[in-house]
1. Evaluate region 353-360: report whether one residue or more is more than 26 Å from HIS512 (Cα to Cα), among the hydroxyl-bearing types (Ser, Thr, Tyr) and either out of contact with any Phe, Trp or Tyr (no Cβ under 8 Å at 6 or more places or on another chain) or at pLDDT 95 or above (or both).
2. Kindly evaluate GLY221 against the criterion of being over 24 Å from SER2 (Cβ atoms) and small (Gly, Ala, Ser).
3. Among the strands (runs of 3 or more DSSP E) confined wholly to region 33-145, which include 2 or more residues that are basic (Lys, Arg) and closer than 24 Å to TRP170 by Cβ?
4. Pick from PRO129, PRO90, PRO152: which is closer than 22 Å to ARG198 by Cα, touching a residue at least 40 places away in the same chain (Cβ under 8 Å) and crowded, with 20+ Cβ neighbours inside 10 Å?
5. Consider region 553-588. How many of its residues are of a type in the set (A, V, I, L, M), part of a loop (DSSP other than H, G, I, E, B) and surrounded by fewer than 17 Cβ atoms within 10 Å (Cβ to Cβ)?
6. I'd like the residue in region 282-307 that is within 26 Å of the chain's Cα centre (by Cα) and either closer than 30 Å to GLY529 by Cβ or among the hydroxyl-bearing types (Ser, Thr, Tyr) (or both) and, out of all such residues, is modelled with the lowest pLDDT.
7. Which one of the conditions (1) crowded, with 20+ Cβ neighbours inside 10 Å; (2) modelled with pLDDT of 90 or more; (3) at negative phi does GLN99 fail to meet, given that it meets all the rest?
8. Return the total of residues in region 455-483 being in a loop (DSSP other than H, G, I, E, B), over 19 Å from the mean Cα position of the chain (by Cα) and more than 29 Å from HIS416 (Cα to Cα).
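The values are calculated or read from the model by the stated rules, or taken from the named source; none is laboratory data. Since the model is a prediction, treat every value here as computed from it, not as a measurement. Note that we place each Cβ from the backbone using ideal geometry, even for glycine, and neighbour counts take in every protein chain shown.
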Amino acid sequence: MSRLAFTLEKTAPGSKARAARFTTLHGEVQTPIFMPVGTQATVKSQTAETLRATGSNVLLANTYHLLLRPGPEVFKKFGGIHRFMNWDRPVLTDSGGFQIFSLPSERRMNEEGARFKSYVDGTTLLLSPEVSIETQKAIGSDIMMVLDQCIPSTAPYDQAEAAMQLTHRWAVRSLAARGDSPQAMFGIVQGACHHDLRKKSAAFLRELPFDGLAIGGLAVGETHAERYEFTGLVTEHLPENLPRYLMGVGTPIDILEAVHRGVDMFDCIIPTQLAQRGTVFTSHGRLHMARAVYKFQDGPLDARCDCHCCKHYERGYLHHLTKTGEYLGWHLLGIHNIRFYHRLMAEMRAHILAGTFLAYYEKMRLELVRQDEDSPPIPPKKTRERTPKALGDYDIVTSAQGFSSIRQLSSGEVMHSVSAPSDEAQRLYIDQSRLAARLLKNSDADTAELVIWDVGLGAASNAMSAVQCFERELAERGATVLRPLRIVSFECDLDPLKLAAKHASLFPHLRHGAPYKLLEPGRWTHASGLLEWELHTGDFLSFLETSAVPDLIYYDPFSAKTDTGLWTSAVFARIARHCAPKSAELYTYSAATAVRVALLTSGFTVAAGVGTGPKADTTIAFTQAAGAAAHPAHARILGQDWLARWKRSGSKFPPSLPEDEKPAFAQRFEALPQFSSVV
């Protein structure tokens, strides 16, 4: 039976992120949690009082260092580390395995343990599983770690396997050495960057009576991508009813990614280490306080922060302390960084419990890697004239209403010129196509993929509106009731998206990781695995027949005047043939008579869509009459009234139609089923 009474409160929809709680000998712990590192019974530059004020609840201390100084006898005299350092909350002690790993030339490893020279007095000592656990029992920590053999994450297979097997044998000895102590104990999964070893290690340790399991051997040589991959791999093979601890990994973005993959506990020296160097994390991005740009700045480090530093000290003073190397600067910046970490953990926990973590995760993936937005590290060169925001044939224009859009310079056409891009996309495409309702399964057997064609990616406002709709439904309803969604975007020129992405502060829909990933490999997969977004770059017509058959088509190329080739009856007929026998729907901003004629003559049933901005209406087209009859827009199917206007129009015939064929065309057109019966 666990000594921690672990309770899993909630797992976030579409993610493995968890909110949990457990009880130690010195109080309750709520997860996800970050543990400041107090290697030698002190967090560098901080007091117990400042740590409590920042929200710290669990501290980490190190057995290796405390074994050497002050030694187990001192802790026995004081009754443990809590009284010794005036800390009344939980403490976790690392076993010393990583420190032994860090001194390869000063130690010898064998089955018994690690022999090394003390950096205090030069004596040779043995750190065995039994010595490590006896020291941790004397320290009196709430959670003890087994002694493990840590090796580089990039170690070859045979070395990684040998270290893993030794770690397993030491884990069994560590459990035996604990005896009946009420202190909790965690095992450590090893195996470097080898998939099968990690699985074997997790399988072995989860059968032993540990109170939690840790992931060791990461952040020691692997890439970020490998770290995330192996974190996710291990958590998939750990029991749900025990806390999970990722050892020594601690940048804010690394923590976010690990929480998303199911990790509960973290430690790292980064908050205080970077504070000593003058670096802080803020909602404005990472700031380096030694930079001269802060010399005359007043105001707090971060207006959103409630820490003692931000409440009482100005940026200019903190710059001064950093430049002069004053200890007070390290102390104050350390307070801020630790508070930043605890606020991040609290936000993640709140979003997990609220079921909104996935959207928060996608937002924070960008937020947590920013540099100082207000004072960029490399300021732009001063010029007499302001450098225009342009790329290739496109620039950014700002409307009188304050929203920004992309303009094509050669044609003068503006993408979403009247309404804000996200507002227009929501009203014209997402709401009209009833995307939220279509994402829901009609039954447990309904697992058919919903496919959206996004013709004319532009700055990705339509596709991102679909992504955000999916994420809202996932957060509110959960993954089990949603159909898989595939978004297929077509674009011949990616400069509009690249330009908008460079100025994401002007385009709120781009404050998300998806468009940036899409630009790299041409594909993005949502963390839930239920959404795939793929990009085809080039002529839409060359991809038409080879792309997944759509259910919904968001048709948003430049107008027929600029992009004539995509608005012809021949193109729409190819789309209709490719969709058969599926009933598909096409939505477009254009209500031009010529466009509707092209759709009607290619076999679509056509209806008037909602208006946007000054446009009285837009257009919806159905590949099957039955689809039109089942749609709420059925009441707006083009009928005799529209046909009468068509007869008066100067654009009622296809531009290339010879004069002598127009009477026959008109006769066939007026005889279309749409105009002779109720659809």
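1. no
2. yes
3. 107-109, 114-117
4. PRO129
5. 1
6. Residue satisfying both the conditions and the ranking: SER283.
7. Against the list (1) crowded, with 20+ Cβ neighbours inside 10 Å; (2) modelled with pLDDT of 90 or more; (3) at negative phi, GLN99 comes up short only on (2).
8. Matching residues across region 455-483 total 1.
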